[in-house]
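Chemist: Before I ask anything, here is the structure I am working with.
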Amino acid sequence: MSSLKGLLFSQFASDGLNNLIEEMQSKYAPKKGRRFHYNNITYEVSRPTLKDNHVEFEVSSKIPEDEIASSTEMKTYFKEIEKILSKGENQPESIEMENIIWDSKMETEKERDYVKLVYKYPLDDLFDTQEIMKKYDEKSASGNLEDIPKAQSAFTPQGNMVLHMVQEKIQMKGRANLDKLIEANDKVRSKLSK
């Protein structure tokens, strides 16, 4: 059974990812659901799940099949993306090439290959107690406690601040993950087109 903390954090992580999708859909071309389109590639962000005191979510991008001639090139494309995303900070928990067969009207079958990344964050990494206390002390000293955004699930100003920090951190981490994937797709496409 999930803890109350896990359930609350999961709810606010979901709000953060929903805000991220709205942000990306307004910045790029919106698509149905949790997707957006940029530079001939569709990107998608899943809903978060709570597993073993971690918030987990997926970020994926369609492999631009119309630019790739063979299944060998498709695998090369994926391997190049995997190489880029396996370096640096904030690496995904897993990187997979997923094949999805999609039949929208039960009349035609469309097969699509995706790069699917799974990110996993421990609940305790989604907020900073010292930062919360510092902000609370500043608001309290200036008499601005009513400026703290309210959450129905929290009973104290500090609780409100923690839940909103979780929302902001997940949105920030998700944005960084998407930016890195977009950059990787741009690099690999320009490299393969030469």
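Just so you know, all these numbers are worked out from the coordinates, no wet-lab data involved. Remember, it's a predicted structure, so these values are computed and weren't measured experimentally. Glycine also receives a Cβ, built like all others from the backbone with ideal geometry; neighbour counts cover every protein chain displayed.
Chemist: Give me the extension gain from LYS187 to ARG47: residue separation times 0.36 nm, minus the current Cα-Cα distance, reported in nm with one decimal.
Modeler: Numbers: separation 140, 0.36 × 140 = 50.40 nm, distance 2.74 nm.
That pair, LYS187 and ARG47, stretches by 47.7 nm at full extension.
Chemist: For segment 157-184 and segment 67-100, what is the separation of their Cα centres, given in Å?
Modeler: Each part reduced to its Cα centre gives a spacing of 24 Å.
Chemist: Greater than 24 Å separation of Cα atoms is the criterion. Which listed pairs, LYS87/LYS191; LYS116/LYS169; LYS27/LYS135; LYS87/LYS187; LYS32/LYS191, meet it? Before the final figure, lay out each step's value.
Modeler: Values: LYS87/LYS191 18 Å; LYS116/LYS169 21 Å; LYS27/LYS135 31 Å; LYS87/LYS187 14 Å; LYS32/LYS191 30 Å.
From LYS87/LYS191; LYS116/LYS169; LYS27/LYS135; LYS87/LYS187; LYS32/LYS191, over 24 Å: LYS27/LYS135; LYS32/LYS191.
Chemist: Taking 0.36 nm per intervening residue step and subtracting the Cα-Cα distance, what contour gain separates GLU138 from ASN40 on full extension?
Modeler: Additional length available on full extension: 30.6 nm.
Chemist: Out of the trypsin sites (Lys or Arg not before Pro) in segment 1-96, which ones are loop residues according to DSSP with at most 12 other C-beta atoms within 10 Å? Could the numbers behind the result be given before it?
Modeler: Working: sites: LYS5, LYS27, LYS31, LYS32, ARG34, ARG35, LYS51, LYS62, LYS75, LYS79, LYS83, LYS87; in loops: LYS31, LYS32, ARG34, LYS87.
Listed in order of number, the matching sites are LYS32, LYS87.
Chemist: Let me ask another. Arrange ILE95, ILE21 by Cβ neighbour counts within 10 Å, fewest through most, would you?
Modeler: On the way: ILE95 18, ILE21 21.
With the fewest neighbours first, ILE95, ILE21 line up as ILE95, ILE21.
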